[in-house]
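Shown next, in structure tokens, is the structure this report addresses.
The numbers here are math on the coordinates, done by the rules we state, and not lab data. Nothing here was measured: the structure is a model prediction, and the numbers come from that model. Glycine also receives a Cβ, built like all others from the backbone with ideal geometry; neighbour counts cover every protein chain displayed.
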Amino acid sequence: WKQIPRLFPRYSRHLSSPICAQYEAVSHGQHQLPDYFNFASDVLDRWSQMEKDGKRSSNPALWWINGRGGEVRWSFEELGFQSRKVANILTDRCGLRQGDRILVILSRIPEWWLVMAACIRTGIVIIPATSQLTAKDIEYRLQASEAKCLITTDALIPVVDSIAPKCNFLRTKLMVSSEGKREGWLNFGELLREAPDNHTCVKTKMHDPMMVYFTSGTTGNPKMVEHTQGSLGFRPIIGKRYWLDATPLDVVWSTADTGWLVAILGSFFDPWVSGSCVFIHSLPQFETKTILSTLYQFPITIFVSPPTSFRMFLKEDLTRYKFMSLQYCISGGEPLNPEVMEQWKNKTGVDIYEIYGQTEAGVICSVSKKMKIKPGSMGKAATPYDVQIVDQEGNILSPGEEGEIAVRVKPKRPLGLFTQYINAPKKAAMSEQEDFFLTGDRGVMDEDGYFWFIGRADDIINSSGYRIGPFEVESALLKHPAVAEVAAVSSPDPIRGEVVKVFVELSTSYSTQDKEKLTLELQEHVKKMTAPYKYPRKVEFVQELPKTQTGKIRRNELRDQEWGRV
Ligand code: ATP
Ligand code: MG
């Protein structure tokens, strides 16, 4: 079965249907966007029809494993059949209507894909959330979003029950559970067995809300970001090649947690626009060895994971694995250090294409298949965005000049960008300046239109008037064999105001070395690798760096600690 992808006929490369012709026309600027669009009826059901007509390979639509022998392989037809049943559960048994919100706290289990598709069929607005949430987090999300329904699994049932009485908008609780009955809960599996499979997909408008995401909360309380049917479902159609660039022959695996936008992009909309197979490992724990052996054993062709995964993979003995089917990897969510990219390529022969994005905007910059890779760069503006580097007044800066990374929103807000921060209109207004949406990230564009990340605006270190981006310091340190993970932040200094301080997690072979000697060695190393003024004047060795639930380094926590703000 390792040969499977190669055996598929080549004729069904792209979605060929009337709506596809319309998409092509839109992408060539010939038409206005259609008023109505629904991903379930316009994309998923089209693939299902193509399967019936014998025009699509037998590549499953969803291929799920749990690593303990459990496996699910659904065609688009099966996915359609099951998700129509779920649509009936949501409307008939949960009483939800188009526009109502549902909080979905499911780990990587097949039911997640069914619920996503069913919500799209019914126009119910999805709020995906990670299973790592605590009672407080869930209460905050239920109250802030006014969700009427929640769906989750066994582990979180007592947690939800502890706060549900305080959540006055919540009406129905659905559990995906092997337990038969539980007071106050509807059993999803039982309802699914009985539910009718006939359902007519609602007609949703392109600009109807589809999903509400809570951001990662790297810099504060998570914000509620609203996306439309078009911004998530239609955007990959007009820019099919802008990052994933998959075909019906591909098997795409994204390890992202279901609570984050990248999961729905990498494991739902973008691969399914191209008719690819979405591969999922339930990954109850993020185990490096499990991921590597899955990449080795299954015919995965495109692998999507954040930089922290690749940094962890490089700590393993990679000579033990051969990735026969893997064509390329994609990484985003944090800066990808060039050193990591080069080492991965040397050891596996596979490239990593970097993407840069936000919950608010999806993918903003990307390196795609046919582009030249410039290690350390996040690639070029992703379709349909016009991305520029601007100053504080929103003026466009020239190539080579550092400023804020921004997406043009005038005269027309581009498809893909969120509509609003729910309940925080001021925040949305603050993030716009003249013709641009400001990302809050600083960077530089080069003469070829490639973007280079410098740091989150708040993370920039200002030492004696020199502005230093943490990414460059961290990348330099990662080139040293002693350094496994590192974060650079500003720290107070009586003379310079601020200096660079690094928190270093050592690789195992260096953990017992003399720390004073090592500090000097690392400082000298940075001086050699970058402009000497960027070297870390302070170095602290730590067991573990603080991270968000998405695995991003929380530099702001370390910075606050330094400045006595905790
Ligand atoms: P919050 O907005 O709640 O503080 P967050 O910004 O981490 O959290 P996300 O929307 O998940 O929430 O993350 C987007 C941010 O992640 C970007 O603004 C950027 O700072 C960072 N990021 C994403 N991709 C890259 C990349 N390729 N290189 C550098 N940074 C990246
Ligand atoms: Mg953010």
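Points to keep in mind about this one:
- Under-5 Å amide H pairs with GLY416, H placed in peptide plane, nonlocal only: SER231
- Across the range 525-539, computed HN-Hα scalar couplings (Karplus, 6.51 cos²θ - 1.76 cosθ + 1.60, θ = phi - 60°) run 4, 5, 4, 6, 7, 9, 4, x, 5, 8, 5, x, 6, 10, 10 Hz from first to last residue, x flagging Gly and Pro.
- Across q = 0.07, 0.11, 0.12 Å⁻¹, the chain modelled as identical point scatterers on its alpha-carbon atoms has Debye log10 I(q)/I(0) values of -0.41, -1.05, -1.25, in the order of the q list.
- Mean Cβ count within 10 Å, highest first, over the residues of peptides 189-195, 199-205: 199-205, 189-195
- One decimal place: the segment ILE460-LEU318 gains 47.6 nm when fully extended, by the rule 0.36 nm per residue minus the C-alpha distance.
- Alpha-carbon spread of the range 411-546, three principal axes, descending order, Å: 58, 36, 30
- C-alpha center-to-center spacing [the range 399-437, the range 188-233] in angstrom: 23
- Contact order for the chain, expressed relative to its length and based on alpha carbon pairs under 8 Å spaced 6+ residues apart, stands at 11 percent.
- For the chain, calculated [θ]222 nm from helices alone, where every DSSP H run of n ≥ 4 adds -39500 (n - 2.57): -7500 deg cm²/dmol
- Contour minus Cα-Cα distance for ASP493 and SER509 (0.36 nm per residue): 2.5 nm
- In range of the label at ASP154: residues from the range 172-214 whose backbone nitrogen is under 13 Å from the point 7 Å along Cα→Cβ: 176-181
- Cα shape, the range 427-488, gyration tensor, a/c 1.5 rule: prolate
- Spin-label pair GLU146/LYS181, simplified geometry with 7 Å Cα→Cβ offset, distance in nm: 3.5
- Relative packing of peptides 349-362, 531-544 - highest average C-beta neighbours within 10 Å first: 349-362, 531-544
- Over all Cα atoms in the range 136-188, the spread is summed up by Rg and Dmax: 10.5, 31 Å.
- Radius of gyration over Kirkwood radius for the range 228-291, both on Cα atoms: the Rg/Rh ratio is 1.00.
- Karplus-derived 3J(HN,Hα) values for the range 97-111, using 6.51 cos²θ - 1.76 cosθ + 1.60 with θ = phi - 60°, are 10, 3, x, 5, 10, 10, 8, 10, 10, 10, 7, 6, 10, x, 4 Hz; glycine and proline are entered as x.
- 0 to 90° range, to nearest 10: angle between helix 288-297 axis and the chain longest Cα axis: 50
- Dipole moment magnitude, nearest 20 debye, the chain about Cα centre, only Lys, Arg, Asp, Glu C-beta charged: 920
- Net dipole in debye of the range 343-423 [+1 Lys, Arg Cβ; -1 Asp, Glu Cβ; about Cα centre; nearest 20]: 580
- With contacts taken as Cα pairs under 8 Å at a separation of at least 6 residues, the range 130-214 carries a relative contact order of 23 percent.
- In terms of its alpha-carbon gyration tensor, the range 336-487 comes out prolate; a/c meets the 1.5 threshold, and the first ratio a/b outweighs b/c.
- Nearest-0.05 FRET efficiency for ASP560 and THR419, computed from C-beta distance (R0 22 Å): 0.10
- In terms of distances greater than 23 angstrom between alpha carbons, the cross-link table entries LYS380/LYS410; LYS55/LYS372; LYS479/LYS528 yield LYS55/LYS372.
- A protection proxy built from the mean count of other Cβ atoms within 10 Å ranks the segments 93-102, 369-378, most packed first, as 93-102, 369-378.
- Centroid-to-centroid, using Cα positions, the range 95-117 and the range 328-398 are 31 Å apart.
- Length added when fully stretched, SER58-TYR296, from 0.36 nm per residue minus Cα-Cα: 83.5 nm
- Sorted from greatest to least, the principal axis extents spanned by the alpha carbons of the range 89-153 come out as 29, 25, 16 Å.
- Distance-filtered residues of the range 427-442 - backbone nitrogen under 19 Å, label point 7 angstrom along ASP391 Cα→Cβ: 432-442
- Projected label points at VAL350 and ALA429, each 7 Å from Cα along the beta carbon direction, are separated by 4.8 nanometres.
- Three-way shape label, the range 208-332, alpha-carbon gyration tensor, a/c 1.5: oblate
- Label-point gap, in nm, between LYS374 and GLU190 - each point 7 angstrom along Cα→Cβ: 6.1
- Pairwise FRET efficiency - VAL542 versus ARG171, Cβ, R0 = 41 Å, nearest 0.05: 0.35
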